[in-house]
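Asks: Mind having a look at this structure? Questions to follow.
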Amino acid sequence: MTLSTPRRTPLADQVIAQLRAQITSGEWPVGSRIPTEAALVEQLGVARNTVREAVRALAHNGLLDIRQGSGTYVLATSELAGVMHRRFSDAEQSQVAELRSLLEASAAALAAERRTERDLVLLETALARREEAWFGGDTEVFVQADAAFHQAVVAAAHNDVLAALYADLGEVLRAHLRQDIGPVLSPERYVGHDRILVAIHDRDSAAASREASAAIGACGREDAARKR
């Protein structure tokens, strides 16, 4: 039997494009649950099978995670980010911590040299939201807020390649943070990031690099110290 190239209908392609746009624009943030299949059918005005095909395609590409009985969640903001997540999902967490340290220390040093006044405003806002999220007690909300602060530091480095790489590794890095902080946000495990911001504000690249690196895996180190 001769196989022919399968073709998705143009309507399904349009739905895929619309759903992808919701993800890449941030309308559906990483970690959020997208509308139900029934809701998407109503909003888009297409058949249920078309929506299902589009969701499955985006799940196959690594942007969505279909969880039976729970819903469908945004896993990554790009196909490459989805590939990164699958490729490193079982990586040694100590090696992921080393990668985070290298990337974030370098980004913080560059941010201290290149930051603008607008960058400082964005960093201050992100830091305030991070602290608010911690004391709010919702672990996943905190993970997203912490990631947003570090993304703001990377953005302040004004290196587009670094920013894109960091974004594509986003879920890999967030998974490491989830493991580091654990399921409960207990007060004794809080690790402030104010010194990172102060160093960037003062244009002290060495201090910014040092503080950013020290923050990686701090919860785990504190746990180990208490057990000794």
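The values are calculated or read from the model by the stated rules, or taken from the named source; none is laboratory data. Since this is a predicted model, take the numbers as computed values, not measurements. Using ideal geometry, Cβ is built from the backbone for each residue, glycine included, and neighbour counts are taken over all protein chains shown. All accessible areas refer to the heavy atoms of the entire protein, side chains included, with ligands and DNA or RNA removed. Shrake-Rupley method; radii C 1.70, N 1.55, O 1.52, S 1.80 Å.
Asks: Go through region 99-139 and report how many residues are more than 25 Å from A206 (Cβ to Cβ) and open to solvent by less than 20 Å² (accessible area, probe 1.4 Å).
Replies: 2
Asks: For region 130-164, which positions are of a type in the set (D, E, K, R) and within 21 Å of L103 (Cβ to Cβ)?
Replies: Answer for region 130-164, where residues must be of a type in the set (D, E, K, R) and within 21 Å of L103 (Cβ to Cβ): R130, D146, D160.
Asks: I'd like the full set of residues that are more than 14 Å from the chain's Cα centre (by Cα) and surrounded by 15 or more Cβ atoms within 10 Å (Cβ to Cβ), limited to region 67-78.
Replies: Within region 67-78, T72 is the sole residue that qualifies.
Asks: With (1) open to solvent by 30 Å² or more (accessible area, probe 1.4 Å); (2) within 24 Å of T139 (Cα to Cα) as the list, and L63 as the residue in question, which single condition is left unmet?
Replies: Against the list (1) open to solvent by 30 Å² or more (accessible area, probe 1.4 Å); (2) within 24 Å of T139 (Cα to Cα), L63 comes up short only on (1).
Asks: While we're on this one: So which residues in region 30-54 are under 24 Å from the mean Cα position of the chain (by Cα) and either open to solvent by 70 Å² or more (accessible area, probe 1.4 Å) or closer than 14 Å to Q18 by Cα (or both)?
Replies: R33, I34, P35, T36, A54
Asks: For region 145-158, name all the residues that are crowded, with 17+ Cβ neighbours inside 10 Å and of a type outside the set (D, E, K, R).
Replies: Scanning region 145-158 gives A145, A147, A148, F149, H150, Q151, A152, V153, V154, A155, A156, A157.
Asks: Looking at region 88-98, can you tell me whether even one residue there is open to solvent by less than 70 Å² (accessible area, probe 1.4 Å), over 20 Å from A163 (Cα atoms), in contact (Cβ under 8 Å) with a residue 24 or more places away in the chain and not acidic (D, E)?
Replies: Looking through region 88-98, at least one residue is open to solvent by less than 70 Å² (accessible area, probe 1.4 Å), over 20 Å from A163 (Cα atoms), in contact (Cβ under 8 Å) with a residue 24 or more places away in the chain and not acidic (D, E).
Asks: Run F142 past the list (1) touching a Phe, Trp or Tyr at 6+ places or on another chain (Cβ under 7 Å); (2) open to solvent by less than 10 Å² (accessible area, probe 1.4 Å); (3) among the hydrophobic types (A, V, I, L, M, F, W, C); (4) over 24 Å from A76 (Cβ atoms) and report the number of the one that doesn't hold.
Replies: So F142 meets the others, but not (4).
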